[in-house]
Every structure is written in C-alpha cells, then in structure tokens.
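**Student:** Please see the structure below; I have some questions.
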Amino acid sequence: MIEIKDLHKSYKMGSNSLHVLKGINFTVEDGELVAIMGSSGSGKSTLLNILGMLDGADSGEYTLDGVPIKNLSETKAAEYRNKFLGFVFQSFNLINYKSALENVALPLYYQKVPRKERQEKAMQYLDRVGLKPWANHLPSELSGGQKQRVAIARAMAAEPKVLLADEPTGALDSTTSYEVMDLIQKINDDGNTILVVTHEEDIAHMCKRIVHLKDGIIVEDKKIEQVRAGQYV
Amino acid sequence: MFDRDIWQEIFHSIKNNKLRTFLTGFSVAWAIFILVMLLGSVNGMKNGFTGQFADDANNSIIIRTGSTSIAYAGFEADRRIQLRNDDVEYISKSFPKDVEYITPIMNKGASTRYKSETGSYTIRAVNPEHLFIDKTKITEGRYINDNDLYKSAKVAVIGKRIVEDLYKKDSALGSFLEVNGLPFKVVGIFEEDGRDDNAERTIFAPITTMQRIYGQTDEVNQISLTYNPNFDLTEALNFSERIENLLKRRHKVAPDDQAAVRVFNYAQFFSDISNFTSGMGMMSIIVGALILLAGVVGIGNIMVFIIKERTKEIGVRKALGAKPWQIIKLVLLESVFTTVLAGFLGMLFASLILAAIGPNIDTPAFSNPSVSISTVLTATIILVVSGVLAGLIPSIKAANVKPIVALSDK
C-alpha cells in the first residue's frame with residue numbers, strides 16, 4: 001500500500017539547515033495497523049505530513065497504492081488527498097459552525113457526491129461510530145471523545161485507502177482514549193490500513209506493528225501482539 | 001455558483017458576523033447611494049435646462065442688433081444698427097432653402113384693461129409664422145393670420161394667464177381688450193409648454209398693426225427664424241455664421257464686431273448644455289467610483305481578516321481535499337455577494353428618494369432628478385467588478401494557505 005525509499009527532508013532555519021528525515025525506508029501492507037513512535041523532534045510528524053501529501057520530500061520515492069507521489073500541483077494533491085487519505089488530528093479540527101453530520105459529509109462534498117447521497121452516507125458513518133443521535137449537534141455540544149469519533153467518521157466517509165491519525169488520543173483522557181482506539185481497531189478489523197502517530201506506549205501496543213523513529217531514522221520496526229482496547233472499555 | 005452548500009456557508013459567515021458585514025456593506029451602500037444621487041442630480045440639471053426651452057423650436061435662431069463697437073467703412077463706432085422689415089425679406093430670399101419659418105418681432109410694454117381689471121403685460125408683434133417658431137399652442141380661437149397682417153387689424157392672441165388675471169367669468173374670445181388705450185379684438189388664446197409663466201402673459205398682435213400704431217415705422221426689435229430641421233450641429237452653426245456675415249455686410253459692420261449684430265443659435269446652446277451635463281456626469285462617475293473604491297478596500301480588508309480567522313478551517317478543508325479553486329470560489333462569492341447586496345440596497349434607497357422627491361422638484365435650473373435603467377445597469381456592473389476586486393487578493397491568499405501550517409497545533 002505504502003512504499004517509501006530513502007526519504008530525506010530538511011528544513012531551512014535561517015542560514016542553517018535542519019535535517020529531519022535522514023533516509024527513511026518503510027513499507028506498509030494492505031490492512032496493517034502501524035504505530036509510529038518517537039520523542040518530539042524525532043521526525044514522526046514530518047513523516048506523517050509527507051505521507052499525507054501536506055508537505056513534499058526533498059529526495060526519495062513515495063508510492064501510494066501504486067501511484068508515485070511526486071511534484072504534485074496543489075490541485076492534484078488535493079484530489080489525491082481526497083481520494084487516498086483520511087486524516088484524524090489531535091485537536092479534532094472539526095469545523096465549528098457545522099453540525100456533526102455536515103462535518104462528516106464535507107469530504108464527500110469535495111468528491112462531488114450529490115447532496116442527498118452525501119447526507120445518507122454521512123449518517124451511515126456517524127452510526128458506525130455510534131453518534132447517530134448527535135448528528136445535528138455542533139462540535140461545541142460534544143465531548144472530546146465524541147468529537148474525535150466524528151473526526152474518524154469524517155476521515156472514513158471518503159473511503160480512503162489509508163487512514164492517517166496524528167496523536168488521535170493526545171487530547172483525551174485514558175478511558176476515552178481506549179474508546180477511540182477500540183474504534184480504530186474495529187475499523188482496522190474491517191480491512192482498512194491505518195497509521196497512528198503517538199508517543200504513548202499503551203496506545204502503540206494497541207496497534208499491530210510499531211515503528212520507532214529517532215533523530216530522523218528508523219531505529220526499530222517490529223510486529224507485536226495487539227492489545228485489544230475493548231477490554232478496557 | 002448555484003451550489004446550495006456554498007451559499008449556506010456564505011450566509012453562515014455573514015450571520016455570524018452581522019456587525020462586521022453591516023459596517024463594510026454600509027460603506028459600499030453609501031458609495032453607490034452617492035453615485036446614484038449624483039447622477040440623478042446631473043439628470044435633474046439637464047432636465048431643468050432643456051425644460052426651460054421646451055416651448056421653443058430647438059432649431060431656431062434669434063437675431064438682435066445693438067450699436068457698433070468698431071469704426072468701419074467710414075462710419076464711426078457707436079452707430080446704432082436697426083433691423084427693418086426688409087432685413088426679414090432679405091434673409092429669406094438669401095437662404096430660400098435653409099430658412100423654414102421667419103418672423104420679425106417687436107416688443108412693447110402693454111398696459112391692459114378689460115372692464116375694471118387691469119394688468120401690465122408684454123405685447124409682441126409678429127407675423128403668422130411665429131406660431132411655428134415659438135411652438136405656441138392655441139387652445140381657443142385662432143392665431144394671427146395673413147389677412148390680419150394685410151389689413152393691419154387690431155386683433156390679439158392672449159396667453160392663458162392673462163385670461164385668468166382679467167376675465168373673471170366672461171368669455172375672453174371675441175371680447176375687446178384695451179391695450180395702451182386702443183381696443184384689440186381677442187381672436188385666440190394660447191398656452192406654452194415651457195416652465196416660464198411669463199410666456200403666458202404675452203399678447204400677440206400683427207406686426208403691421210403695431211408698426212402703424214407706433215409711428216408708421218418699419219423698425220423691428222428682433223428677427224426669429226427656424227432653419228432646416230435636418231441640419232446637424234455643424235451645419236446649424238455654419239448657417240448662423242452665414243446669416244451673421246450677411247447682416248454685417250448689409251449694415252456695414254466690421255466682421256469682428258461682436259456687439260452690433262448678435263445671432264443666437266439654440267443649437268449652440270443645446271450642444272453646450274449637453275456637453276456640460278455629460279461632463280458633470282463623467283465627474284460624478286469618477287467621484288462615485290473613488291468613494292466606492294474606499295468601500296471596496298474596506299471589504300477587501302475585512303475579507304483578509306476573515307481569512308486569517310478561518311486559516312485553520314481552510315487548512316482542514318484542504319486536507320479533506322478542497323482544491324485551491326474551490327477555496328477561491330468560497331471567498332470570492334462571499335465578497336461579491338456582500339458588495340452586490342449592499343450596493344443594491346444603496347441603489348434602491350437612492351432611487352426611492354429620487355422617485356419620491358424628484359417629480360416635486362421643478363425649478364428652472366433643476367428639475368425631476370432621476371436615474372435611468374442604464375445608470376442602474378452601469379452601477380450593477382461596477383458593483384460586481386468591485387466585489388471581485390475586493391475578494392481577489394484575500395481569496396488567493398486563502399488558497400495559498402498551507403494545510404501543514406494551518407493545522408499545526410502550536
């Protein structure tokens with residue numbers, strides 16, 4: 001699904017150049033649930049941004065579902081993001097004046113799905129995260145866990161190839177964190193490929209594979225025995 | 001453009017920022033209001049000027065004389081030039097194809113009495129062709145005819161106001177009116193289209209009658225004529241110049257003497273007025289456009305602010321797959337919508353005011369200020385263009401928002 005070869009990225013800081021990713025080689029198969037771990041400054045967010053086509057790499061190859069991702073125009077990048085990727089952010093990033101349903105329907109709007117079909121599909125995904133009764137609530141009327149579930153429903157609504165979650169539990173307490181991880185595991189059980197960036201050990205162990213980043217290189221990449229979040233809920 | 005979701009978002013954005021939208025909208029509404037009022041006023045000035053002369057044929061020329069200001073052909077300066085009956089004949093014979101109607105005119109004060117009612121008016125001696133030059137409207141009876149002229153009959157055609165002043169209940173037509181002590185038979189009553197009330201306080205009489213009463217003279221105060229109505233402005237001005245040269249030669253006046261022979265051409269006057277008012281119109285548009293520019297900058301400013309405020313949202317939209325053009329469209333439509341809506345309100349308000357008070361204003365220099373459909377259309381186009389201009393820079397700025405920057409939680 002994802003293939004990365006010798007990926008480099010550096011940021012210019014005045015006259016200095018900060019080398020963040022120093023040759024990343026990394027493959028993700030279809031249906032995997034991968035945790036990317038590392039302390040802050042290890043380059044994990046930069047990697048996720050490049051994977052999410054929010055940022056470009058300096059050198060190296062990136063292939064997503066057989067499509068080479070290189071020198072994309074803004075419009076093309078937007079199209080690929082919409083088609084291939086679903087994003088879940090630490091701070092949810094819901095649009096605060098749109099109801100839960102409208103938020104979930106937004107990526108479908110950019111896919112030019114007709115209004116009625118969009119509403120139905122969005123409702124279906126809201127139902128899957130257990131928030132159907134909250135469909136017409138604004139984000140401000142939802143709890144943190146509920147917001148993140150809406151965000152996950154939104155990321156899934158576009159039926160992406162890969163779900164990218166950047167610290168999805170970072171702003172949640174442990175109980176709600178496990179609820180969210182339970183949801184992510186269930187989505188993974190349905191065969192979806194998911195990448196989770198986290199710095200929490202327990203969250204990482206709820207994935208099937210952990211990739212450790214340190215100073216811009218992968219220091220460890222191991223398959224693990226998955227801890228089911230369901231038992232804590 | 002007619003996407004329901006986009007409009008929902010625009011309405012939402014406006015609803016959430018009522019005061020802000022109102023304040024910026026107000027500047028645009030105010031600018032358009034001023035523009036429309038200015039253009040309406042220019043229209044009012046035009047109506048006022050042209051309305052004053054609505055009672056005269058606008059292809060007419062008036063010839064008057066004075067004293068020479070330059071010594072010429074052996075004569076000293078300050079010689080009085082007098083028009084006479086044969087000047088009228090001379091002009092019509094010199095330009096048989098160009099002159100349409102021509103009349104000599106002699107004006108006198110007229111102390112007038114009917115029974116016990118008296119009034120002070122002007123008696124204007126003319127020939128029958130004056131009817132067409134002055135566009136006099138006969139409401140009762142007839143105008144002066146060739147027979148009156150031939151017989152030097154003491155007949156009079158009087159204005160409506162005189163009838164109102166002097167005749168209480170009696171019928172004016174057929175009565176005898178005493179003018180400067182002599183009885184004139186009233187054969188007709190007239191009305192004028194122009195706004196000048198005094199035009200209807202005139203008594204018309206045959207020129208021959210008046211010349212006989214006032215000392216068997218053939219003197220004339222003024223000659224009025226109309227020329228071929230198919231003349232364009234150049235031909236018309238050229239024609240009045242030819243008349244002027246002809247009369248100057250005939251009366252031995254220096255060609256550059258401005259005082260002795262004066263030929264006044266309405267065509268010149270109308271062309272001056274229309275040049276003047278179209279100049280004023282241009283100036284109004286420029287002034288209005290400059291004021292509008294301030295409003296547009298205001299809206300642009302607010303849009304930049306809105307973009308700043310919504311940076312994160314725009315980042316999220318881009319992460320979810322919004323293309324740059326879709327972001328531009330969102331911002332641009334909001335700005336065009338605000339501009340056009342505000343502009344229309346300003347335009348509506350100004351038009352209502354003009355429609356309400358316009359018809360009540362009727363003075364010689366200013367009458368019925370109003371706006372035409374073309375003004376409204378022009379203003380609308382200006383509005384849409386300004387809306388686009390106001391939104392352009394902010395929307396491009398919005399489209400360039402980097403999702404990675406917008407989404408960083410720092």
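A short reminder: the numbers here are calculations on the coordinates, not readings from a lab. Quick caveat, the model's predicted, so the values are computed rather than measured. Neighbour counts run over all protein chains shown; Cβ positions are idealised from the backbone, glycine included.
**Student:** Distance between Cα centroids, segment B:288-322 to segment B:349-408: provide it in whole Å.
**Tutor:** 18
**Student:** What is the set of long-range amide H partners of A:Gly23 at a cut-off below 5 Å, with H atoms built 1.01 Å from backbone N?
**Tutor:** Under 5 Å from the amide H of A:Gly23: A:Leu7, A:His8, A:Lys9.
**Student:** Residue-wise, which Karplus ³J(HN,Hα) couplings in Hz belong to segment B:287-298, taking 6.51 cos²θ - 1.76 cosθ + 1.60, θ = phi - 60°, and x for glycine or proline?
**Tutor:** So the J values, rounded to whole Hz, are 4, x, 5, 5, 5, 4, 4, 4, x, 5, 4, x.
**Student:** Please give, to one decimal in nm, the separation of the simple spin-label points placed at B:Thr122 and B:Asn58, each 7 Å out from Cα toward the Cβ.
**Tutor:** 2.2
**Student:** Run the quick spin-label model on B:Lys115 and A:Leu138: label points 7 Å from Cα toward the beta carbon, then report their separation in nm to one decimal.
**Tutor:** In this crude label model, B:Lys115 to A:Leu138 measures out at 8.4 nm.
**Student:** How high is the relative contact order of segment B:60-264? Use alpha-carbon pairs under 8 Å, at least six apart in sequence, and give a whole percent.
**Tutor:** Relative contact order of segment B:60-264: 34 percent.
**Student:** Spelling out what I want: for every residue of segment B:347-354, take phi, set θ = phi - 60°, compute 6.51 cos²θ - 1.76 cosθ + 1.60 (Karplus), and round to whole Hz; glycine and proline get x.
**Tutor:** Coupling constants for segment B:347-354: 5, 4, 4, 5, 5, 4, 4, 4 Hz.
**Student:** Here is a follow-up. With no solvent and one point on each alpha carbon, what is the Debye value of log10 I(q)/I(0) for chain A at q = 0.11, 0.16, 0.17 Å⁻¹?
**Tutor:** Listed by q, the Debye log ratios stand at -0.55, -1.15, -1.27.
**Student:** Here's a follow-up. How much FRET efficiency would the formula 1/(1 + (r/R0)^6) give for A:Val233 and A:Glu29, where r is the Cβ-Cβ distance and R0 is 25 Å, rounded to 0.05? Please list the in-between numbers first.
**Tutor:** Details: r = 28 Å, r/R0 = 1.11.
After rounding to 0.05, the efficiency reads 0.35.
**Student:** Same structure again: Of the DSSP beta bridges with both residues in the protein assembly as shown, give the percent that are antiparallel, rounding to the nearest 5.
**Tutor:** 70
**Student:** At 222 nm, what helix-only mean residue ellipticity would chain A give, in deg cm²/dmol to the nearest 500, using -39500 (n - 2.57) for each DSSP H run of four or more?
**Tutor:** -10000 deg cm²/dmol
**Student:** Sticking with this structure for a sec: Quick one: give the max-minus-min coordinate of the C-alpha atoms of chain B along each principal axis, largest first, in Å.
**Tutor:** Sorted largest first, the three principal extents are 108, 59, 33 Å.
**Student:** In segment B:60-264, if every C-alpha pair distance is counted and binned at 10 Å from zero, what percent goes to each bin?
**Tutor:** Taking every Cα pair in segment B:60-264, the percentages come to 8, 32, 31, 20, 8, 1, 0.
**Student:** Over chain A, what relative contact order in percent results from Cα pairs under 8 Å that are six or more residues apart? Present the calculation step by step, with values, prior to reporting the outcome.
**Tutor:** Values: 471 pairs, mean separation 64.2, N = 233.
Once divided by the residue count of chain A, the mean separation gives 28 percent.
**Student:** At a Förster distance of 25 Å, what's the computed FRET efficiency of B:Asn230 paired with B:Ser69, Cβ-Cβ distance as r, to 0.05?
**Tutor:** 0.10
**Student:** Oh, and also: Give the cross-link partners of A:Lys9 among the aspartates and glutamates, using a straight C-alpha distance below 17 Å as the criterion and excluding same-chain residues fewer than 8 apart.
**Tutor:** Straight-distance partners of A:Lys9: A:Asp55, A:Asp58, A:Glu61, A:Asp215.
**Student:** Please list A:225-232, A:140-147 highest first by mean number of surrounding beta-carbon atoms within 10 Å per residue.
**Tutor:** Numbers: A:225-232: 13.5, A:140-147: 16.0.
Top to bottom by mean Cβ count within 10 Å: A:140-147, A:225-232.
**Student:** A further question on this structure: Under 16 Å from a label point 7 Å along Cα→Cβ of B:Asn147: give me every residue in segment B:175-215 with its amide N that close.
**Tutor:** From segment B:175-215, the list is B:185-188, B:206.
**Student:** Another question, if that's okay. Full extension from B:Tyr214 to B:Leu23: what is 0.36 nm times the residue separation minus their Cα-Cα distance, to one decimal in nm? Could you put the intermediate results ahead of the total?
**Tutor:** Details: separation 191, 0.36 × 191 = 68.76 nm, distance 7.40 nm.
Here the answer is 61.4 nm.
**Student:** Right, something else. For segment B:271-397, what are the per-bin percents of Cα-Cα distances with bins 5 Å wide, up to the bin holding the maximum?
**Tutor:** P(r) over segment B:271-397, rounded to whole percents: 2, 10, 15, 17, 14, 12, 9, 7, 5, 4, 3, 2, 1, 0.
**Student:** Give me the distance between the Cα centres of segment B:76-101 and segment B:120-156, rounded to whole Å.
**Tutor:** 21
**Student:** Starting at the first residue of segment B:371-376, write each ³J(HN,Hα) from the Karplus equation 6.51 cos²θ - 1.76 cosθ + 1.60 with θ = phi - 60°, in whole Hz, x for Gly and Pro.
**Tutor:** 10, 9, 4, 5, 4, 4
**Student:** May I pose another question? Which FRET efficiency, nearest 0.05, do A:Ser40 and B:Phe349 yield, Cβ-Cβ r, R0 35 Å?
**Tutor:** 0.05
**Student:** In terms of Cα to Cα distance under 16 Å, which lysines are near enough to B:Lys318, apart from those fewer than 8 places away along the same chain?
**Tutor:** The reachable lysines, counting only those whose Cα sits under 16 Å from B:Lys318, are A:Lys76, A:Lys83, A:Lys112, B:Lys308, B:Lys329, B:Lys397, B:Lys402.
**Student:** How much length is gained on full extension from B:Ile393 to B:Gln82, taking 0.36 nm per residue of separation minus their Cα-Cα distance?
**Tutor:** Details: separation 311, 0.36 × 311 = 111.96 nm, distance 7.30 nm.
Length difference between fully extended and current span is 104.7 nm.
**Student:** Between B:Phe276 and B:Val385, what is the label-point separation in nm under the 7 Å Cα-to-beta-carbon projection?
**Tutor:** 2.9
**Student:** Ignore the peptide's own chain and count Cβ atoms of other chains within 10 Å of each Cβ in A:72-84; give me the average, rounded. Don't jump to the answer; show the numbers that get you there.
**Tutor:** Details: counts 0, 2, 8, 4, 1, 5, 12, 2, 1, 7, 6, 1, 1.
Per residue, the average neighbour count from other chains is 4.
**Student:** What ranking do A:4-12, B:388-396 get when scored by the average of other Cβ atoms within 10 Å per residue, highest first? Don't jump to the answer; show the numbers that get you there.
**Tutor:** Values: A:4-12: 16.1, B:388-396: 20.3.
The packing order, highest mean first, is B:388-396, A:4-12.
**Student:** Give the dimensionless ratio obtained when the Cα radius of gyration of the protein assembly as shown is divided by 2.2 N^0.38 Å. Present the calculation step by step, with values, prior to reporting the outcome.
**Tutor:** Numbers: Rg = 44.7 Å, N = 643, 2.2 N^0.38 = 25.7 Å.
Normalised by 2.2 N^0.38 Å, the Cα Rg of the protein assembly as shown equals 1.74.
**Student:** Taking the alpha-carbon distance from B:Lys168 and a cut-off under 20 Å, which aspartates and glutamates remain once sequence neighbours fewer than 8 residues away in the same chain are dropped?
**Tutor:** In chain and number order, the partners are B:Glu117, B:Glu140, B:Glu178, B:Glu191, B:Asp197, B:Glu200.
**Student:** Express the relative contact order of chain B as a whole percentage, based on alpha carbon pairs under 8 Å and six or more residues apart in sequence.
**Tutor:** 28
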